[in-house]
Each structure stands twice: as C-alpha cells, then as structure tokens.
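Worksheet: the structure to be examined is printed underneath.
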Amino acid sequence: GAGSVANTPEAGDVEYLAPVTIGGQTVNMDFDSGSSDLWVFNTQLSLNTLSGHMAYNPAQSSTFQLLPGSTFSISYGDGSGAAGNVGTDTVNIGGATVTGQAIELATDVSTSFVTDTQSTGLIGLAFSKLNTVKPVQQKTFFDNALATLPEPVFTADLRHNAAGTYEFGAIDSTKFSGPLAWTPVNTTSGFWQFTSQAFAVGGGAPSTSVPGGQAIADTGTTLMLADQSVVDGYYSQVQGAVNNATVGGVTFPCSATLPDLQIDVGGTMATVRGDDINFAPVDQTGTTCFGGLQATTVQPQIYGDIFFKSNFVAFNGGNNSLGVAPH
Ligand SMILES: O[C@H]1CN[C@@H](c2nc(-c3ccc(C(F)(F)F)cc3)no2)C1
C-alpha cells in the first residue's frame, strides 16, 4: 500500500528528516533523492560516535539477516561519507513496506555525520545503479517498493521551517496548486536528471542558453546550485549582492527584496520564490545574508531544498519522469 510520513526540517532548513521503521525500530533519516544507499547509525559504532544519535540494533530485530561479505562505502557532494557492512530487514515508511531491504550498517562515518545528531542516516531515492554495495549491488527502497505501490511514485513536499510530507505510492493533489508539469528524466547518470536550459528573473525576459542545460532533483542538497550564468543573471538584480569569498558564496543585505527566479524544468518554467532564496544570515546582527542560489562549476546543476520549498515534486519510477507544481 501507499505510505506517507511527515518530514521535519532541521534548524535553518539544512536537511529534512522523516521516520523510517527498520525491523520494528523507528529512526529519523535524511531522505536523499541524490543518492542510492540506505545506511544507518547502528550498535557496531563506538559509544562516542553514537552519542546523541538514535541507532538501529540488528540484534534486536527478528527479521534482520546479515549479507555475509557485503560492504558499502559512500561519499557525498560535500566530502562527507560513511562505510560499513550490509544486511537486510523489513522497512516500513508510513505504511509502505519492503521486506528484504538492504540495510547498510555504518562502521565508519565522517565527522559531520557524527555531529548531525538528529539524523540516523540516509535513505537514498535515486536510481539503484548508484548503489555502492559490493560484491552484489543492492536496490533502493523505492525500487524494491515499485511493484507493490498503488502508483509507481514518491513525492516530496518540503517546507520552510515547517513540517512537510514524503509520500510513496500516491500523489496528494491537495499539496500543490494547478496541474503537475511532467518532464522526462534521463536516468543514464543514475540521478533524477532533466533538461533545464533557461531562466528568468522577477518575470523578466528569459535567457535560453544555460551551458550544459541539465539539472538533477536532489532533496539531500540544502541549496540550489546552478550554472554561473544563472547566478550572475539573478544576483545582478539584487542590490548589494556580492561574491563573498570569505563565506564562500554570494551574500546580500538581509534587507534586500529578492526577486522570484523562474527556472526551466523540461520546458515548463517553475518558480522559486525570492523569499526562499534568502537562506540565512552569516553574521550575528543579521545584516548580511547568504543566498540559497549558489554557483556550481560542475554539471549537472543541483536543484536542492531551496527549489523544493517552492515546488511540490513527484518522482515517477514507472515511466521515469518528474512532475512539478508550485506549493
Ligand atoms: O551527494 C549528493 C547526494 N545528495 C546530496 C546529499 N548530501 C547529503 C549530506 C547529508 C548530511 C551530511 C552531514 F550530516 F553533514 F554529514 C552531509 C551530506 N545528503 O545528500 C549531495
């Protein structure tokens, strides 16, 4: 059946956590449509590493089975990572259930995961070809669930500083306004990748030549990382915006009125609200603010939580497409 869980932003909307039940144990996890491993803090880790975290205890699960000889090792865009061994167990997310799901048990996690005490790990929702388990690659929860879900979809409804929803197997049309605009996904990269080659600022004339012209939908990335041409075009319309090498990106006066950004998603222009592009103050006085839209020099572009806060997104694993609508 379908499954629906509330998600909660950590402070500053840095990441979004939702409950996952593994072998009867419920832990909060970071749902990441930009990777394909489900790994957890677990009782193999040292007490120092576990301090403050929830942990999955395979010994307490009657349905856990070790996958002898299987290991995983994953690194994320910010250089953080985890590694360990692997078993299987039953996973239930708001009622959507998979038996025999690969559960990757970290024996080593990078420092930033240790300090992120609200997160018990990640659940990857990109395509299974990116899964890092060896010698036999494993499938994502969504991939395993596809055949039994009422509809082959999951949806992300992420909000600024408020609870949202992750849903598997159904599209709740009360969560967005207007029709979903569907675009085909190119699965070659293993990401939810689509064409994005135009943008406009504050309803102005669109530019239609973004280099590379590709983007991925990535719920695990906090910001929206776009081509330099998009970033320059946008912040040229923001008084006082500067590239602030000290803090590592574009800042502007917190008092600035930020225009909306219109961005191409497979031929339909989606809107990212200006308010959502004001990400956070960088100073104690709240004078200088850090932009939620920043540049990436690599391709594809990465549309993270800043994009999701303005747009409800449906991920269709039946026909490999993305549906987007304002919310
Ligand atoms: O790799 C790409 C796939 N999706 C993006 C992603 N990044 C993280 C992440 C989460 C938590 C942390 C930490 F807690 F700070 F360690 C670090 C990175 N989760 O998804 C980037």
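The values are calculated or read from the model by the stated rules, or taken from the named source; none is laboratory data. What you see is a predicted model; the values in this text were computed from it and never measured. When we count neighbours, we look across all protein chains shown, and the Cβ atoms used for this are built from the backbone with ideal geometry, even at glycine. Quick note on the areas: whole protein, heavy atoms, side chains included, nothing else; ligands and nucleic acids left out. Shrake-Rupley method; radii C 1.70, N 1.55, O 1.52, S 1.80 Å.
General observations
- Taking the numbered list (1) open to solvent by 50 Å² or more (accessible area, probe 1.4 Å); (2) out of contact with any Ser or Thr (no Cβ under 9 Å at 6 or more places or on another chain); (3) of a type outside the set (Gly, Ala, Ser) in turn, GLN197 passes all entries but (2).
- Among the residues making up region 234-286, a single one is crowded, with 17+ Cβ neighbours inside 10 Å, more than 21 Å from the chain's Cα centre (by Cα) and among the polar types (S, T, N, Q): THR251.
- Every residue from region 11-27 that is open to solvent by less than 30 Å² (accessible area, probe 1.4 Å), under 16 Å from PHE168 (Cβ atoms) and more than 12 Å from the ligand (Cβ to nearest atom): ALA18, VAL20, ILE22
- Restricting region 77-100 to residues that are open to solvent by 40 Å² or more (accessible area, probe 1.4 Å) and within 16 Å of the ligand (Cβ to nearest atom), the residue that is farthest from VAL136 (Cα to Cα) is ASP78.
- Of THR155, THR140, THR120, all but one fail to be open to solvent by less than 20 Å² (accessible area, probe 1.4 Å), under 16 Å from the mean Cα position of the chain (by Cα) and over 18 Å from TRP39 (Cβ atoms); the exception is THR155.
- Failed condition for ASP30, given (1) part of a strand (DSSP E or B); (2) open to solvent by less than 40 Å² (accessible area, probe 1.4 Å); (3) over 23 Å from ARG159 (Cα atoms): (3)
- Selected residue [touching a helix residue (DSSP H, G or I) at 6+ places or on another chain (Cβ under 6 Å) and more than 14 Å from the ligand (Cβ to nearest atom)] from PHE64, PHE72: PHE64
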